[in-house]
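Asks: There's a structure below that I have some questions on.
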Amino acid sequence: MFDARKQRLAFDATQARQIADRRRGIGCDQLIVIEPSSDADAFMRIRNPDGSEVEACGNATRCVARLLLDETRKQKVTLQTVAGILVCEDAGGGAVTVDMGAPELSWERIPMAEAVDTNRFTLTVEGESLTASAVSMGNPHCVLFVDDADAAPVATLGPKIENHPLFPRRTNVEFVSVRDKGYLRMRVWERGAGITQACGSGACATAVAAFRRGLTRDHVEIELDGGVLSITLKDGHVFMTGATALAYSGTFAFDTK
Ligand SMILES: N[C@@H](CCC[C@H](N)C(=O)O)C(=O)O
């Protein structure tokens, strides 16, 4: 995360790829630039490691919110993204709750290339028929319920679904198994990033998809490789609560030309 509220800082796609590169750059799953906002406490710009600019990132929202909560000593802060304004609240013990807004369920808004029932549709990948759900949390998600998420072929199937013609802007892909009505196990292939330890917007999309299918209640714990997120569906909105931890804070010197 780069703080550009006092000093103008803008990265193009090439620079974002260089910074995100784990061998030659700093290395990250998303590159975040915190900018000034006249409508919220700050604006958050999000880029994937492939350089693409995206609409949402649940994990980064919690992290940026944590910095702003500590800085302002307020109980709530607002964060603007290209998809809208998010309200983030201190949940105690370093955790943050984010109102991730209302999920988008229409195929046109996900967006998908053709009319499907987003609750349950068939995706054909190399001749194999898969049953999936689609949800947008500002960014697109394709959720697959599987018997055992730990055994799911995330690395091979993930990129094929990410780039499937049914998703003209590509998609994030979640592989999910239901442990019980209040507990899910999820692994993720992220658009423009690949396999990551966790995806906050993916966990929100998964909770929505599971609830629509009648698999879970309106509150679930979702176990990701990087930790557990609590997701609550209330009044048409999705609330995500999860931990934050500061790994490093300081100054980097690098050539932005
Ligand atoms: N790869 C995503 C953007 C990042 C999502 C993020 N990891 C999260 O926590 O929500 C995309 O391309 O939409």
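Asks: Restricting to segment 74-86, count the residues that are crowded, with 18+ Cβ neighbours inside 10 Å and free of Cβ contacts under 8 Å to residues at least 24 places away in the same chain.
Replies: Here the count works out to 0.
Asks: Kindly provide the set of residues from segment 138-183 that are within 16 Å of the ligand (Cβ to nearest atom) and touching a Ser or Thr at 6+ places or on another chain (Cβ under 8 Å), ordered by number.
Replies: Of everything in segment 138-183, those that are within 16 Å of the ligand (Cβ to nearest atom) and touching a Ser or Thr at 6+ places or on another chain (Cβ under 8 Å) turn out to be Gly138, Asn139, Pro140, His141, Cys142, Val143, Ile161, Glu162, His164, Asn172, Glu174, Val176.
Asks: Oh, and also: Using beta carbons and a limit of 8 Å, which pairs, at least six apart or on different chains, have the first residue in segment 160-185 and farther than 17 Å from Gln197 by Cβ and outside the structural domain of Pro49 (by TED's automatic domain parsing) and the second one within 11 Å of the ligand (Cβ to nearest atom) and among the polar types (S, T, N, Q)?
Replies: Ile161/Thr171; Glu162/Thr171; Glu162/Asn172; His164/Thr171
Asks: Additional query: For segment 22-60, which positions are surrounded by fewer than 18 Cβ atoms within 10 Å (Cβ to Cβ) and more than 16 Å from the ligand (Cβ to nearest atom)?
Replies: Arg23, Arg24, Gly25, Ile26, Glu35, Pro36, Ser37, Ser38, Asp39
Asks: Let me spell it out: the conditions are (1) open to solvent by 10 Å² or more (accessible area, probe 1.4 Å); (2) within 10 Å of the chain's Cα centre (by Cα); (3) of a type outside the set (Phe, Trp, Tyr), and Asp218 meets all of them except one. Which number is the exception?
Replies: Only one criterion is unmet by Asp218, namely (2).
Conditions (1) modelled with pLDDT of 95 or more; (2) among the small types (Gly, Ala, Ser), marked per residue:
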residue: Leu9; (1), (2): no, no
residue: Asp12; (1), (2): yes, no
residue: Ile34; (1), (2): yes, no
residue: Arg45; (1), (2): yes, no
residue: Asp50; (1), (2): yes, no
residue: Ala56; (1), (2): yes, yes
residue: Asn59; (1), (2): yes, no
residue: Arg62; (1), (2): yes, no
residue: Arg66; (1), (2): yes, no
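Asks: Read through the list (1) within 15 Å of the chain's Cα centre (by Cα); (2) open to solvent by 10 Å² or more (accessible area, probe 1.4 Å); (3) farther than 29 Å from Glu35 by Cα, then give the number of the only condition that Pro103 fails.
Replies: Condition not satisfied by Pro103: (3).
The values are calculated or read from the model by the stated rules, or taken from the named source; none is laboratory data. If you're wondering where the values come from, they're calculated on a predicted model, not measured in any experiment. Cβ atoms come from the backbone with ideal geometry, glycine included; neighbour counts cover every protein chain shown. What goes into the accessible areas is simple: the full protein's heavy atoms, side chains included, and nothing from ligands, DNA or RNA. Shrake-Rupley method; radii C 1.70, N 1.55, O 1.52, S 1.80 Å.
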